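The values are calculated or read from the model by the stated rules, or taken from the named source; none is laboratory data. Note that the structure is a prediction, hence the values are computed from the model and not measured. Here the Cβ positions follow ideal geometry from the backbone for every residue, glycine too, while neighbour counts run over all protein chains shown. Surface accessibility is based on the protein's heavy atoms, side chains included, excluding ligands, DNA and RNA. Shrake-Rupley method; radii C 1.70, N 1.55, O 1.52, S 1.80 Å.
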Amino acid sequence: MTAPPPYRVDWYPADVPCDAAAASFATHYPVRFIDGAHLSLPLRPLPGGDKAVALLMSNQTSFLVERNIVQRMTEMVRAAAPDAVVGIPTLGLTYARPAAEAIGLPDFVALGYSRKFWYEDALSEAVVSSTSPDQSKRVYLDPALLRRVHGRRVVVVDDVLNTGATMASALKVLQKARANVVAIVVVLTEGWAWHGKLADIDPAIPSLVRALGHIPLFGRIEPGWAPLPETEAGARPST
């Protein structure tokens, strides 16, 4: 079995140019953030080899990258004036906790996949993650944390919003908890499959999404990878 190349993401400030509009990319994709800074993300082929993703593994980036992302996400969370911040497992927790602390909240809420013996199925939903498509699991809200979200303004935090499956399940759990979700803050949106998934819950939900940047999916061309037009930022669904 051939090991993949070492994982590396590089951070560049706004005054460093990047060519995110190039026709194709060989090994990395530069995703531009809303403030002009950008990340260089490695391209990883999907099973089958004809498509690829620009991969953000939030628990494998440098502290410099993490720190810069947290700073920017914190400002988006702050703008929503939440009473509580909820982190999506697993990688959304990387950003939810420090953002909640930075805006002055006393704690945050971590949803989880591991069922503790005191958990209740009534505060859970089934989910199939895009990164673990062969594993069916459930996302849980610890009933001991119900008071942190019940009837309160909540911001939900995750790393990458792609298929929307995990986010949709988390939102259904928060609906059961009577939380008032006022914003969904993510590092990146990826393609637009998530848009329809969230709109199936409520057509207004996609408008709650706030992202630092957007990445497309990629198709194989020689000598590299080209963004799939239907997944690019300009292809956002109108409804």
Query raised in the report: Just to be sure, is Val77 in contact with a Cys (Cβ under 9 Å, 6 or more places away or on another chain), at pLDDT 95 or above and surrounded by 20 or more Cβ atoms within 10 Å (Cβ to Cβ)?
Result: no
**Report entry** Every residue from region 164-188 that is buried (at least 16 other Cβ atoms within 10 Å of the Cβ) and assigned to a loop (DSSP other than H, G, I, E, B)
**Finding:** Gly164, Ala177, Ala179
Query raised in the report: Any idea which residue in region 164-185 is farthest from Ala96 (Cα to Cα), counting only those that are β-branched (Val, Ile, Thr) and free of Cβ contacts under 8 Å to residues at least 40 places away in the same chain?
Result: Val181
Report summary line: Over region 194-213, the set of residues in contact with a strand residue (DSSP E or B) (Cβ under 9 Å, 6 or more places away or on another chain), touching a residue at least 40 places away in the same chain (Cβ under 8 Å) and open to solvent by 30 Å² or more (accessible area, probe 1.4 Å) is Arg210
Query raised in the report: For Gly191, are the conditions met, namely being within 23 Å of Phe33 (Cα to Cα), in contact (Cβ under 8 Å) with a residue 60 or more places away in the chain and surrounded by 16 or more Cβ atoms within 10 Å (Cβ to Cβ)?
Result: no
Report summary line: Expected output for region 100-125 (first residue touching a residue at least 40 places away in the same chain (Cβ under 8 Å), partner in a loop (DSSP other than H, G, I, E, B) and β-branched (Val, Ile, Thr), Cβ below 8 Å, 6+ apart or cross-chain) is Leu111/Ile88
Query raised in the report: Out of region 51-78, which residues are within 13 Å of Ala183 (Cα to Cα) and touching a residue at least 40 places away in the same chain (Cβ under 8 Å)?
Result: Met73, Met76, Val77
